[in-house]
Amino acid sequence: MTKWLKFSIPMLLILGLMLASACAPAGSPPTPAPAPPEEFRDEDKEYPSTAVPGEAAVERKIVKTGHITLEVADIAETMGKVAEVADELGGYVVSSHKYEEEKETSGSIRIRVPADRFDEAFDRLRQLAIAIPYESTEARDVTEEYVDLQARLHNLEATETQYLALLEKAETVEEMLMVQQALSNVRGEIERIEGRIKYLERTSDMALIEVSLKETRGLAEPWSISDAFKSAVRGLTTFGRGLATGLIWLGVFCWVWIPILVIWLRRRGKI
């Protein structure tokens, strides 16, 4: 067997097992990464164990989210109080928006708070409202996905170490390029999984609450002389426009109603 075959066969085996591990469904036990063949091992080099970390040591990961709608007297003031609640509980504001229309003002603010203070945050938000027309909470268990990602990351890191060992044994430029390409693919997958793990850790540690705000008006709006005068002027203007429109219509259709009026008056003996 040539030296090239000795080199390519273990590479193909590693690539095949890598693809099988990457395509495995979530929750299935990951395939352990193979150790380099004996002829490619350094006697003084220690290779990492491919044992998968046990699930017993992993803390459960629960992603909590909530949504609450508050009817309040002042949108801007309440948004400030919601931000204060987040800050006092050790959280922060993710985003906030305020919408002003002709007859209605509304707003929304998204906050994150420590997961263990999620219920406390909801209790404090309820105290800011005149009424609460809607609220909902959800807790999603992502422990299985988290454990699976940890196991896949462990195997990928072991495979990366093995590729580095193979790279040291490469003797030609072509062999080095092939190993470096495979090494680059493994590193990309490691970074993707590390990013997902960090996201699950962050979202399970910090719960998300979406707060919708609606402004509530009193049954009777405050009365003022200026508002009453403006309303009367608008009414007079509307009446004038309506009267002028009616006169224009009468003038345009005089050839219809004048003959009818003459005939009616003659029958009544008025003319």
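Just so it is clear, none of the values below were taken in a lab; they were calculated from the coordinates. Quick caveat: nothing in here was measured; it's all calculated off a predicted structure. Every residue, glycine as well, gets a Cβ built from its backbone with ideal geometry; the counts of neighbours run over all protein chains shown.
The Cα center of the range 141-156 and the Cα center of the range 102-126 differ in position by 32 Å.
Legend: calculated FRET efficiency, residue 168 to residue 62, from the Cβ-Cβ distance at R0 = 51 Å, rounded to 0.05, equals 0.70. Database remark: amide H of residue 105 closer than 5 angstrom to the amide H of 215 (H placed geometrically; neighbours at sequence offset of 5 or more, or on other chains; Pro and chain starts carry no H). Sorting 183-192, 162-171 by their mean Cβ neighbour count within 10 Å, with the most densely packed peptide first, gives 162-171, 183-192. Highest average first, the peptides 201-214, 74-87, 136-149, 251-264 ordered by how many other beta carbon atoms sit within 10 Å of their residues are 201-214, 74-87, 136-149, 251-264.
Here 226, 108, 231 are placed in order of increasing Cβ neighbour count within 10 Å, fewest first, which gives 226, 231, 108. Computed 3J(HN,Hα) for the range 90-95, one whole-Hz value per residue from the Karplus formula 6.51 cos²θ - 1.76 cosθ + 1.60 where θ = phi - 60°, is x, x, 7, 8, 7, 7, glycine and proline marked x. Residue exposure proxy: 67, 97, 154, ordered by other Cβ atoms within 10 angstrom of their Cβ from fewest to most, comes out as 97, 67, 154.
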